[in-house]
Amino acid sequence: MSVLVGRSTKLIVQGLTGSAGTFHAKQMRDYGTNVVGGVTPGKGGTVHEGFPSSTRSPRHQAHGRQRDRHLRPAARAADAILEAADAGISVVVCITEGIPTLDMVKASARSRVEPA
């Protein structure tokens with residue numbers, strides 16, 4: 001199995017300021033992952049737990065970012081995956097449970113996402 005995220009990977013977290021986003025971003029940082037910031041609606045320009053937060057979409061933040069991690073509610077997860085894929089982010093990790101099956105079918109077909 002290949003290593004898809006390592007110490008040199010630049011990673012952004014969608015949903016950074018939520019409890020799950022904060023928990024996982026801090027764990028990744030402690031492990032050595034280069035978490036460069038996050039996206040949270042309405043909290044742009046703030047710093048949360050040492051991570052800069054933006055309201056801008058991954059499409060606008062993607063310059064130099066290679067990976068994206070999603071911590072979004074199930075109803076918005078597929079849109080977030082597609083947004084990251086459209087931005088040219090090569091690997092999207094989404095740990096959200098309960099995403100509607102048809103949403104994931106559309107996201108998989110459009111963005112070439114391979115569900116785990």
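Remarks
- Gain on full extension, evaluated as 0.36 nm per residue between ALA20 and GLU49 minus their Cα-Cα distance, stands at 9.1 nm.
- Per-residue HN-Hα couplings for region 7-23 [Karplus 6.51, -1.76, 1.60; θ = phi - 60°; Hz; x = Gly/Pro]: 4, 8, 6, 8, 10, 10, 10, 7, x, 4, 7, x, 4, 5, x, 5, 4
- Efficiency of FRET from Cβ geometry, LEU102 and ASN34, R₀ 30 Å, rounded to 0.05: 0.30
- Compared with the direct C-alpha span, the chain from GLN27 to SER2 gains 6.9 nm at full extension, assuming 0.36 nm per residue.
- Length added when fully stretched, ALA74-ALA109, from 0.36 nm per residue minus Cα-Cα: 10.8 nm
- Residues whose amide H comes within less than 5 Å of that of THR96, counting only those at least five positions distant or on another chain, are ARG72 (H built at 1.01 Å from N in the peptide plane).
Computed from the coordinates by the stated procedures, all read-outs in this text should not be read as laboratory data. Quick caveat, the model's predicted, so the values are computed rather than measured. Because the Cβ atoms are built from the backbone with ideal geometry, glycine has one as well, and the counts that use them run over all protein chains shown.
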